[in-house]
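First the structure, in the form of structure tokens, and then the observations on it.
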Amino acid sequence: MLSLYASLSSSETRKVTMRDPGLSEAIRAAGGVSELARQLGISQPSVSNWLRVPAERVVSVENATGIHRAVLRPDLYGAKGIDIGEDAGVQMRIVGLAGWSGSGKTTLITKLIPRLIARGVKVSTLKHAHHGFDLDQPGKDSFFHRAAGASEVVISSAKRWAILHELRDESEWDLRNLVAKMSPVDLVLVEGFKRDAFPKLEIHRAANNKPLIHPEDPHIVAIATDVSLPQVRVPVIDLNDVEAIADLLLECAVPVHSAQATASTTSR
């Protein structure tokens, strides 16, 4: 019997031997490259050129083949990551959006979330508030509970629930501890925590008339802007190209345990 490689060209042989085990498993489960491409609704050459399952396609491939995402991309969802919540197979990843007030971070995030969800990526967000804030309203029962000294107040309805946690004499929580309190998702978009060490996309708008944060922050991995920046040493992407920005965020996101908090939580 001829071996598999006997019927392949040298370039095809190299491609097969270079394929990530997770991708090879998915191809076998689907019944071949062309069948996997058909199930994903993309062209066969696109899948043929993969060396591993792209981050933005992991959920779709999992749904199409039944192969768990931890097998498809153990570097993203494998056992080496910390376990958060009940789903031990999910290694939550984070990536930040940094920029001066008025640069358009919130506007961009609200455009990114539905695009990422459409790709099968489950998304949550985490934002640091620079000033005291309160989600409760004076005069409400929950407000009186906290004022009386309750450590936490849980408010629940048929639509949503929330926990109001009073720090009182506790230190402010760091990024990793906050994410550990969140339900398991694929990606957490973080706004703020600028002194913590994790990948961030800088949002820079010319009309804002503010200086770049890069290169002062060494964790800026790219800049999304509406102007040309030939002097910078990181990739520059069109601020209006939301799909390209989504690609970059998925590529640059890291497991939450990789983020390093600074000793001080002030000036975040």
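Here is how the numbers come out for the structure above:
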read-out	value
11 Å beta-carbon shell around His204, net charge (K/R +1, D/E -1)	+1
Inter-probe distance in nm under a simple model that places probes 7 Å from Cα toward Cβ, at Glu251 and Ser46	1.6 nm
Neighbour net charge for Ala30 - beta-carbon separation under 14 angstrom, K R +1, D E -1	+1
Cβ-Cβ FRET estimate between Ser156 and Arg38, R0 fixed at 51 Å, reported to 0.05	0.70
Ellipsoid equivalent to the stretch 206-246 - semi-axes via the Cα gyration tensor, in Å	16, 14, 9
DSSP-assigned coil residues among GluC sites (Glu not before Pro) in the stretch 140-226, each with at most 11 further Cβ atoms within 10 Å	Glu170, Glu216
Cα pair distances of the stretch 102-161 binned at 10 Å [whole percent]	15, 31, 31, 21, 2
Label-point separation, Asn208 to Thr110 (7 Å along Cα→Cβ), nm	1.6 nm
Formal net charge of residues neighbouring Ser103 (Cβ-Cβ distance under 13 Å; K, R +1; D, E -1)	+2
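Each value in this text was obtained by applying a stated rule to the coordinates, not by laboratory testing. Just so it is clear, the structure is predicted and the values come from calculations on it, not from any experiment. In this analysis, Cβ positions are derived from the backbone assuming ideal geometry, glycine residues included, and neighbour counts consider all displayed protein chains.
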